[in-house]
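First comes the structure, then the notes that go with it.
The values are calculated or read from the model by the stated rules, or taken from the named source; none is laboratory data. Model, not experiment: these values are computed from the prediction. Cβ sites come from the backbone with ideal geometry, for glycine too, and all protein chains shown count toward neighbours.
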Amino acid sequence: MLEATTYFACLVLFSFVIYGSVYVRDEMLILACIPPFFVAAVAGFTMWIYMFETFGVAPPVIAVLLPFPLAWHLGRRFVVRDMLLAIYLAWAVGMVLALVAYSFPDAA
C-alpha cells in the first residue's frame, strides 16, 4: 500500500511538471523547463509502466490525468516566474519520492 501511494504521488508530481511546462509563456524561461520536463518524462514513463503492471490500470491513468486541471489553473493565475518555481518545486519533491519509490524491494 505504501509503495502504491509513493508511486502515485510521484507520478502526479511528474505529470504536473510536464503539464505545467506547457503553460510557461515566456520564450526564454521555457528553456529552464527542459531539464525538469525531460527527467519527469523519462522517470515518469518508467514509473507509469511499473505502476500499470503492478497495481492495475486505474491508478496510473488517474495519476496522469489528476494534475492537468491544477496546471491549467496555475498557468493562468501565476506569473511565469511563479509557475517556474512551482514546476521546480514539484520536480524536486517528485525526485525525492522517486528515490524512495525506487528503494522498495522488487516483488519477485
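Got a number for residues in the stretch 61-78 being crowded, with 16+ Cβ neighbours inside 10 Å and closer than 14 Å to Cys10 by Cβ?
3
Could you tell me whether any residue of the stretch 42-49 is modelled with pLDDT under 95, touching a helix residue (DSSP H, G or I) at 6+ places or on another chain (Cβ under 8 Å), of a type outside the set (Ser, Thr, Tyr) and surrounded by fewer than 18 Cβ atoms within 10 Å (Cβ to Cβ)?
No, that holds for no residue.
Looking only at residues that are free of Cβ contacts under 8 Å to residues at least 24 places away in the same chain and aliphatic (A, V, I, L, M) in the stretch 79-108, which one is surrounded by the fewest Cβ atoms within 10 Å (Cβ to Cβ)?
Ala108
Just wondering, is there one or more residues in the stretch 81-101 that are over 17 Å from Cys33 (Cα atoms) and charged (D, E, K, R)?
So in the stretch 81-101, the residues over 17 Å from Cys33 (Cα atoms) come out as 96-101.
Now narrow it down to the ones that are charged (D, E, K, R): none.
No: the stretch 81-101 contains no residue that is over 17 Å from Cys33 (Cα atoms) and charged (D, E, K, R).
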